[in-house]
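Nothing in this text is a laboratory measurement; each read-out follows from the coordinates by a stated rule. This one's a predicted model, so the numbers in the text were calculated from it and none came from an experiment. Positions of Cβ are backbone-derived with ideal geometry, glycine not excepted, and every protein chain shown enters the neighbour counts.
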Amino acid sequence: MDDGGRFAAAITRHPREFVGIVMAVLAVFAIFINALFMQHGSHLAPIFATRPQAAPAAPVALPRPRVAAPAAPAAPARSQAQIVGDIQRELGRKGFYDGAADGIWGAKTDTAARDFLQAAGLKMNAEASEGLLHAIATSTTTAQSGRAPAPPRNDPIAQLIAPTKQVQAIQRALADFGYGQLRATGVYDPETKAAIEKFERDRRLPVTGQISDHLVRELSAMTGRPLE
């Protein structure tokens, strides 16, 4: 008997078992069909693992580079002559200087600067600097408010002892070089006479204690600037 006949005879002898096998095969086949083709979306326990598609990344806005603002060019340094010229102009406005604003720090400018510092009560060096220029420009001190009134012209004795620029310059020069703690009052007094005598002895000059052209020349040579 061939295989087909045996199979048919088996089905005839066991119809229930055959029907059960057929139903089981159909059920398994239906499950596979449903799992593989009928389900939408991902399965909780898929038979064949699939790699999930990566969601497209949202574009990230990159920060715009900050452009540094160009640095302001530094102001060029002013020359000494410019500073001196401005000091002379400011001293002239305050009434301490009546010369030309030539930018040269001479005896006249030095005397005017010292007169201003003394009248304003400021403790700083009388030398050309931006600090001195600022002090003069911002001060309310004037020559009229800082100086003593001039003596009457009809009094010859008062005119003789009146303060003079030359005596002030001599007093400052002597004080700067250690010949006494003189105040630049412009008045020839005993302290000034004693300082002149000490200077004359140190320089081996005739000791007179008097203000003379010879004394002025010696002091000018020592300080390196003319005395007015």
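3J(HN,Hα) along segment 81-86: 5, 5, 5, 4, x, 5 Hz, from the Karplus curve 6.51 cos²θ - 1.76 cosθ + 1.60 with θ = phi - 60°, whole Hz, x for Gly and Pro.
Treat every Asp and Glu Cβ in segment 80-146 as -1 and every Lys and Arg Cβ as +1, leave all other atoms uncharged, and give the resulting dipole magnitude about the Cα centre to the nearest 20 debye.
180
Once fully extended, how much extra length lies between Glu197 and Ser212, figured as 0.36 nm per residue of separation less the alpha-carbon to alpha-carbon distance? Show your work: numbers first, answer last.
Working: separation 15, 0.36 × 15 = 5.40 nm, distance 1.22 nm.
Gain in length upon complete extension: 4.2 nm.
Sort Val84, Val28 so that the residue with the fewest other Cβ atoms within 10 Å of its own Cβ comes first and the one with the most comes last. Please report the intermediate quantities before stating the final value.
Working: Val84 23, Val28 10.
Fewest-to-most Cβ neighbours within 10 Å comes out as Val28, Val84.
For Glu218, what charge total do you get from the other residues with a beta carbon under 9 Å from its beta carbon, if Lys and Arg give +1 and Asp and Glu give -1? Display every interim value, and only then the final one.
Working: positive: Arg203, Arg217; negative: Glu200.
Combined, the nearby Lys, Arg, Asp and Glu give +1.
Placing a label point 7 Å from the Cα of Ala77 along the Cα-to-Cβ direction, the residues of segment 110-136 whose backbone N falls under 20 Å from that point are 127-134. So, in Å, what gap is there between the alpha-carbon centers of segment 199-228 and segment 96-127? Computed from Cα coordinates, the inter-centre distance equals 22 Å. This ranking places Val187, Val167 by how few other beta-carbon atoms lie within 10 Å of each, fewest first, which gives Val187, Val167. Extents of segment 80-146, taken as max minus min of Cα coordinates on every principal axis and listed largest first, are 27, 21, 19 Å.
How much net charge surrounds Leu205 when only the other residues with a Cβ under 15 Å from the Cβ of Leu205 are counted, with Lys and Arg +1 and Asp and Glu -1? Walk me through the numbers before you get to the answer.
Details: positive: Lys193, Lys198, Arg201, Arg203, Arg204, Arg217; negative: Glu197, Glu200, Asp202, Asp213, Glu218.
Here the charged neighbours net out to +1.
Legend: ranking of residues Phe18, Phe96 from fewest to most surrounding C-beta atoms inside 10 Å; resulting order Phe18, Phe96.
In this rough spin-label picture, where each label sits 7 Å from Cα along the Cβ direction, the Met222-Arg66 distance is 6.3 nm.
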